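Written out below as structure tokens is the structure these notes cover.
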Amino acid sequence: MDSSALFSLFRRAKCDEDGCEEMPVSQWQKTGIPVIIGVVLFIIAFVVMFLIVRKRRLQTKKKEEEAGRKIDLDDVEDRAAFRAGRKT
């Protein structure tokens, strides 16, 4: 087994006793593969950004709910104090 067969994955040339000649590259390899790679990268970036925005939105919603509960509790305590005759 000669060395050109071992490195066929890394080299785009076909070598024999006469010399090396460049292997042909199809139009699919020139345009199709880069387009697919670009689309996949775009989809991955979109999913990552969606997850980050969703996580922050949920954190914000949780903080607002906690603040709302605190306000509701304060309001209930104020009403109870008012009914008991202690005006604040």
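So for the range 27-43 (the condition being in a helix (DSSP H, G or I), of a type in the set (Lys, Arg) and modelled with pLDDT of 65 or more), does at least one residue qualify? Yes, the range 27-43 contains at least one residue that is in a helix (DSSP H, G or I), of a type in the set (Lys, Arg) and modelled with pLDDT of 65 or more. Of the residues making up the range 58-69, not a single one is at pLDDT below 85 and more than 35 Å from the chain's Cα centre (by Cα).
The values are calculated or read from the model by the stated rules, or taken from the named source; none is laboratory data. Only a predicted model underlies this, so the values are computations on that prediction, with no experimental measurement involved.
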